[in-house]
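In what follows, a structure is listed as structure tokens, so that the remarks can point back to it.
The values are calculated or read from the model by the stated rules, or taken from the named source; none is laboratory data. Keep in mind that this is a model prediction, so the values were computed, not measured. Backbone-built Cβ (ideal geometry, glycine too); neighbour counts: all protein chains shown. Protein only, heavy atoms only, side chains kept; ligands, DNA and RNA dropped before computing areas. Shrake-Rupley method; radii C 1.70, N 1.55, O 1.52, S 1.80 Å.
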Amino acid sequence: QVQLVESGGGLVQSGGSLRLSCAASGFTFSSSTMSWYRQAPGKERELVATISVGGTTNYAESVKGRFTISRDNAKNTVYLQMNSLKPEDTAVYYCKASRLWYTYWGQGTQVTVSS
């Protein structure tokens, strides 16, 4: 059974930090591209960051220099370190695992940044 379980969301003041985690099971984590997406109320889901099997990372322009994606294949976990948070970062954050023949999503974790 495939599972992606996000954690670490919450309420934080503007300028603060949060670290999201996504624990994976039921598939070959180390062979999967891992990504973080977010969806704010009334908006479409957008890509935040991606980390490849080899560790190459890519970020949305809006989070470059503030967010860092990383992975620990030994723990089957991907992380999103979020610093200098802004109110516009408020959203539900989702973890995604993908390969050519599958895409799996987590249930999401709420991040709220107060001004």
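General remarks:
- Any hit, the stretch 43-54, residues being among the small types (G, A, S), open to solvent by less than 60 Å² (accessible area, probe 1.4 Å) and either touching a Cys at 6+ places or on another chain (Cβ under 9 Å) or more than 19 Å from E6 (Cβ to Cβ) (or both): yes
- Here S32 clears all of (1) without any contact (Cβ under 8 Å) to a residue 24 or more places away in the chain; (2) closer than 14 Å to G106 by Cβ except the condition numbered (1).
- The residue of the stretch 21-37 that is most open to solvent (accessible area, probe 1.4 Å), among those that are within 13 Å of D72 (Cα to Cα) and hydrophobic (A, V, I, L, M, F, W, C), is A23.
- Members of the stretch 65-112 found to be among the basic types (K, R), part of a strand (DSSP E or B) and either open to solvent by 50 Å² or more (accessible area, probe 1.4 Å) or within 12 Å of R38 (Cβ to Cβ) (or both), listed by number: K96, R99
- Among (1) at pLDDT 95 or above; (2) assigned to a loop (DSSP other than H, G, I, E, B); (3) open to solvent by 60 Å² or more (accessible area, probe 1.4 Å); (4) not basic (K, R), the one test that N58 misses: (2)
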